[in-house]
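The values are calculated or read from the model by the stated rules, or taken from the named source; none is laboratory data. Model, not experiment: these values are computed from the prediction. Cβ placement follows ideal geometry from the backbone for every residue including glycine, while neighbour counts extend to all protein chains displayed.
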Amino acid sequence: MKIKKGFILRNVGGECVVVPVGEMSKSFHGMINLNETGSFLWNFFTAEHTADEAVAALLGEYDVAEELARADVERFMETLTKNGFAE
Amino acid sequence: MIYDLADLRVLIRNEYPFTTRFCEKYLSEDQESPYDLIAAPDPEDFENEQKASAGYSLGYIENICIYRNLCLQLPSLNRMLLHAAILEADGAGYAFLGRSGTGKSTHTGLWLENVEGSYIVNGDKPVLFFDEKEVYAYGTPWMGKEGRGCKAKTPLKALVFLEQAKENTIRRLSPSETAMRLFSQILLPSDEKNADKTLMLADELVKRVPTWVLGCTISEEAVKTCYTAITGKKYQKKQ
């Protein structure tokens, strides 16, 4: 999975927000608010990666159980695909 | 014609006379020196606004589109539009925010009645400017339907989100709480450079300027509660 071009992720006052830019701003309105894990995964998936790679990356970055990391990754990937952020 | 807006020289390209009259107090005495940017209605935006503001004159619609076009270009010049009412008291500027109908006009109106020397810089759509340390708010010709405001610049010392309530209470908001409330009150450009810059400026705004949420009734007591908290001074009713 890979996140489509046309989004920027920035930190505003400690909140991680994603907003659409350019052509993307015509089809997608509003903004997305990400937590720390979400923000890490967003950055990770700006390049093409598999679920397994994302789980490994999360485990390398955070002290978290593998099942939990996998559940996070799966939920993140499903949300992004379902809402048209990723391809 | 060139206008002095938010300490910028802005060349406005309007077809209808509405904007010429609307901006006449801001007309620059110097029409010869170079300008900083051009503000002109975007054709697509003009078409959309005609649908959104059906029944209004083309001059009025063009005028809305000109300001939007101007504001979308401002972030790269360290400026941004904020949907708020700016009031100055004792040399400090305060921004009052809230969805339309929350009572920005009513609450700021109570300040004008009760706080010595207070006045409205811009009742609805001020431009903010960020230098190295401070944030300033400017009056512009665009100041909402009630037309409250003047040609002024004030250092911004607090943001106050208004909420109608049965009792008057005030509390501080953290930068992250402020960020989430702020997004509906700013204009986010679609080009990457200005969008990016807008988010940077929003980050600076929530870090630099203390923010409060005021639960308020329509009363002098609401002004007292707010004034005491945000100015740190003792409230004294205007004589």
Among (1) surrounded by 22 or more Cβ atoms within 10 Å (Cβ to Cβ); (2) out of contact with any Cys (no Cβ under 8 Å at 6 or more places or on another chain); (3) not polar (S, T, N, Q), which single condition is residue B:120 missing? (2)
Please go through segment B:24-71 and pick out each residue that is of a type outside the set (A, V, I, L, M, F, W, C) and closer than 12 Å to residue B:3 by Cα. B:24, B:25, B:26, B:28, B:29, B:30, B:31, B:32, B:33, B:34, B:35, B:36
Does residue B:161 satisfy the condition of being of a type in the set (Phe, Trp, Tyr), closer than 22 Å to residue B:123 by Cβ and surrounded by fewer than 20 Cβ atoms within 10 Å (Cβ to Cβ)? no
Restricting to segment A:24-43, name every residue that is assigned to a helix (DSSP H, G or I), more than 10 Å from chain B (Cβ to nearest Cβ) and out of contact with any Leu (no Cβ under 8 Å at 6 or more places or on another chain). A:27, A:36, A:38
Got a sec? Which of B:192, B:221 is out of contact with any helix residue (DSSP H, G or I) (no Cβ under 9 Å at 6 or more places or on another chain), more than 20 Å from residue B:98 (Cα to Cα) and of a type outside the set (Val, Ile, Thr)? B:192
A careful count of residues in segment B:70-88 that are in contact with a helix residue (DSSP H, G or I) (Cβ under 7 Å, 6 or more places away or on another chain), more than 21 Å from residue B:42 (Cα to Cα) and part of a strand (DSSP E or B) gives 2
Is at least one residue of segment B:211-230 closer than 20 Å to residue B:158 by Cβ and within 14 Å of chain A (Cβ to nearest Cβ)? yes
Looking across segment B:178-190 at residues that are in contact with a strand residue (DSSP E or B) (Cβ under 7 Å, 6 or more places away or on another chain) and not in a helix (DSSP H, G or I), the single one that is nearest to the other protein chains (Cβ to nearest Cβ) is B:188
Collect the residues in segment A:2-23 that are in a loop (DSSP other than H, G, I, E, B) and surrounded by fewer than 17 Cβ atoms within 10 Å (Cβ to Cβ), keeping them in residue-number order. A:2, A:4, A:5, A:14, A:22, A:23
Hey, residue B:28 hydroxyl-bearing (Ser, Thr, Tyr) and surrounded by 16 or more Cβ atoms within 10 Å (Cβ to Cβ) or not: yes
Filter result (crowded, with 18+ Cβ neighbours inside 10 Å, closer than 28 Å to residue B:174 by Cα and in contact (Cβ under 8 Å) with a residue 24 or more places away in the chain) within segment A:40-52: A:41, A:42
Selection count where residues are assigned to a helix (DSSP H, G or I) and either hydroxyl-bearing (Ser, Thr, Tyr) or in contact (Cβ under 8 Å) with a residue 40 or more places away in the chain (or both), scope segment B:55-69: 8
Output yes when any residue across segment B:96-103 is modelled with pLDDT of 95 or more and not in a loop (DSSP other than H, G, I, E, B), and no when none is. yes
For segment B:191-210, which positions are closer than 16 Å to residue B:134 by Cβ and more than 9 Å from every other protein chain (Cβ to nearest Cβ)? B:201, B:204, B:208, B:209, B:210
Looking at segment B:147-177, which of its residues are in a strand (DSSP E or B), among the polar types (S, T, N, Q) and farther than 15 Å from residue B:208 by Cβ? B:164, B:169
